[in-house]
Amino acid sequence: MTPANYSAIRKEVGQNPRAALRDCETLLARNSDDAEAHRLAARALRALGNEERASVEELAAIDASTLDPILIQAGHAMVRNRLEQAEPLLRGRLRENPFDVAAIRMLAEVAGRIGRYQDAEQLLRRALELAPAFVAARTNLAMALYRQNKTVEALAELDRLTDEGPGNGVLRAAVVGRLGEFAEAISLYESVLARPGSERQPRIWTSYGHALKTVGRQADAVAAYRRALDLRPAFGEAWWSIANLKTVRLQEADIASIQAGLADPSASAEDRYHLHFALAKALEDAGRPEEGFDHYLTANTLRREQLPYRAERTRRAVDRTIALFDAAFLAKRNGLGYPEPDPVFVLGLPRAGSTLIEQILSSHSMVEGTMELPDILSLVSRLGKEGSYPEVIAGLSPERLRELGETYLERTRIHRREGKALFIDKTPNNWLHAGLIHLILPNARIVDARRHPLDCGYSNFRQHYASGQAFSYDLADIGHYYADYVRLMRHFDSVMPGRIVRVIHEDLLDDPEAATRNLLNALALPFEDACLRFFENDRAVRTASSEQVRRPINRDGAGLWRAVEDRLTPLREALGPTLDDYACR
């Protein structure tokens, strides 16, 4: 047998693993960097029941793969972000040898980089099936799960790691933060930053700042963001993070620094749209709203290039939802879902006052605030794999409707820490799925947070979102989105009268006590004075309004559109008659 005759050993692994192991040991005595010999030795050892030695051989195969010309070529392509070159190289390798764990992990990284997280998860699970001790693959799996909002599963994978390196510490901090354990997240970030070398990482400082902001430590958050900027002055995310603290004003020196960042040739495309958003906010605060608008326009144009949005898709989704959810359809399914009344859904457009409503309600002794939970959208994604959504809902049995409601409550249980009777899910995009929510959770409360369309529309245009709001980067798209949302809510008002409680943001500003009493009454909750003192509530708040809701109600953010009214024609035209009838009174 020659060193190149691996096919004979592959056959031998299934028939006589002990002989196959001896042949592999012979090959490795000649060349200890023979990756395939290590892989085959691992398979033989696993067949013999020696998992411990099999893991050692798998890791040796992975180490030896660093010398593989094909994987080196694919790695160089990935470093240059030429994924279209790396992917066929890796797929070709896996056709030749489906047991090459290093190639499997690299292909999973390619999938993750282009957002195919489910594919990445499947590949990484296969890699870990073959090499359970492969730390990099398990870390990558935790990240793929985190990106899919499978946060509990991500934490379970991190718990299986013994490597406490900085990268794992940062990922664990992000995961526990998403689960609401902010004290632990902050402690983890501080532990990572105390390690030599980590303190020179601006992204870690920025993530640390985000956690501090969430728990209301604004001054510490700003200090963390500025530490990031000391390390990398053109780091756009850090500049926008400071600007996005709505109660903080950037100074003239900051404006000059941001402009210098825009002139820095090392600034990435991501840096640039963040810098433009930050500069726009700084100029607006400095009393130069027209100049600020120009930079908002540039920032949104850059962001829209990365996140294209087609308004007609939302329009068709609304049309199909209206067609499905008629009065007869709903009457036939009345009360068939899971009966527990625990959730309070606060939905609508972002920047419509939903965080204020959440803060008011979570100050009540019976209501717990959580976060923007991804679980309804996850159920929608699951249904979309079973058929065309929303039409697939028509075929759901009473048992399945109940199961979906029970699944939602089970998935969200981890976010409930205070033992209160009710909890809030404040995901704004759930407005499109209010009909599904009604069917699977017939006793849940639904609150529609609504704000004047020009105020709300321009506020969205002024906001950079990490993800999920692709409509917000063009004024016309915002107008069409708002109009479609109002159209669907009006339909639900017709076929489910009284089911959705509407809160007009301007009513809260005009008479906070009356609006709060009306809201509590509509939700069948007794009035409590603490709801009027919501700003004393020290709960963690993750949204862009986190600092605003820690102050009494004010009009600081209201009417900003008036200063640039002549620039908002695309928004006005797209809104059409909705502009004058947005409240649906």
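Report whether or not Asp220 is assigned to a helix (DSSP H, G or I) and either touching a strand residue (DSSP E or B) at 6+ places or on another chain (Cβ under 6 Å) or surrounded by fewer than 17 Cβ atoms within 10 Å (Cβ to Cβ) (or both). Spelling it out, Asp220 is indeed assigned to a helix (DSSP H, G or I) and either touching a strand residue (DSSP E or B) at 6+ places or on another chain (Cβ under 6 Å) or surrounded by fewer than 17 Cβ atoms within 10 Å (Cβ to Cβ) (or both).
Restricted to region 187-214, and to residues there that are without any contact (Cβ under 8 Å) to a residue 24 or more places away in the chain and assigned to a loop (DSSP other than H, G, I, E, B), the residue that is nearest to Thr355 (Cα to Cα) is Ala194.
For region 76-90, indicate whether the set of residues that are more than 17 Å from Ala8 (Cα to Cα), in contact (Cβ under 8 Å) with a residue 24 or more places away in the chain and among the acidic types (Asp, Glu) is non-empty. No, region 76-90 contains no residue that is more than 17 Å from Ala8 (Cα to Cα), in contact (Cβ under 8 Å) with a residue 24 or more places away in the chain and among the acidic types (Asp, Glu).
Residue by residue, here is whether (1) of a type outside the set (Asp, Glu); (2) not in a loop (DSSP other than H, G, I, E, B) holds:
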| site | (1), (2) |
| --- | --- |
| Leu279 | yes, yes |
| Glu290 | no, yes |
| Phe293 | yes, yes |
| Arg303 | yes, yes |
| Pro308 | yes, no |
| Arg313 | yes, yes |
| Asp319 | no, yes |
| Ala323 | yes, yes |
| Leu330 | yes, yes |
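Within the option set Tyr458, Tyr482, Tyr473, being in contact with a Pro (Cβ under 6 Å, 6 or more places away or on another chain), more than 28 Å from Arg333 (Cβ to Cβ), assigned by TED's automatic domain parsing to the domain that holds Asp507 and of a type outside the set (A, V, I, L, M, F, W, C) holds for one residue only, Tyr482.
Restricting the first member to region 258-275 and to residues that are farther than 19 Å from Arg304 by Cβ, and the second to residues that are of a type in the set (Ser, Thr, Tyr) and in a helix (DSSP H, G or I), no beta-carbon pair is closer than 8 Å while six or more apart or on different chains. Considering (1) within 18 Å of Asp33 (Cβ to Cβ); (2) surrounded by fewer than 19 Cβ atoms within 10 Å (Cβ to Cβ); (3) in contact with a Lys or Arg (Cβ under 7 Å, 6 or more places away or on another chain), the lone condition that Leu83 does not fulfil carries the number (1).
Restricting attention to region 353-391, the residues that are among the charged types (D, E, K, R), free of Cβ contacts under 8 Å to residues at least 60 places away in the same chain and in a loop (DSSP other than H, G, I, E, B) add up to 2. Scanning region 384-393 for residues that are of a type in the set (A, V, I, L, M, F, W, C) and either surrounded by fewer than 19 Cβ atoms within 10 Å (Cβ to Cβ) or modelled with pLDDT under 95 (or both) yields a count of 1. Does Pro350 satisfy being surrounded by fewer than 20 Cβ atoms within 10 Å (Cβ to Cβ), of a type outside the set (Lys, Arg) and not in a strand (DSSP E or B)? No. Scanning region 276-298 for residues that are in contact (Cβ under 8 Å) with a residue 60 or more places away in the chain and within 12 Å of Trp239 (Cα to Cα) yields Phe277, Ala280, Lys281. Being modelled with pLDDT under 95 and either more than 21 Å from the chain's Cα centre (by Cα) or under 17 Å from His438 (Cα atoms) (or both) is a property that holds for Ser378. Test Arg46 against the stated conditions and say whether it is within 15 Å of Glu129 (Cβ to Cβ), touching a residue at least 24 places away in the same chain (Cβ under 8 Å) and surrounded by 13 or more Cβ atoms within 10 Å (Cβ to Cβ). Criteria not met by Arg46.
The values are calculated or read from the model by the stated rules, or taken from the named source; none is laboratory data. Remember, predicted model here, so these are calculated numbers, not experimental data. Here Cβ is always computed from backbone atoms with ideal geometry, including for glycine, and neighbour counts include all displayed protein chains.
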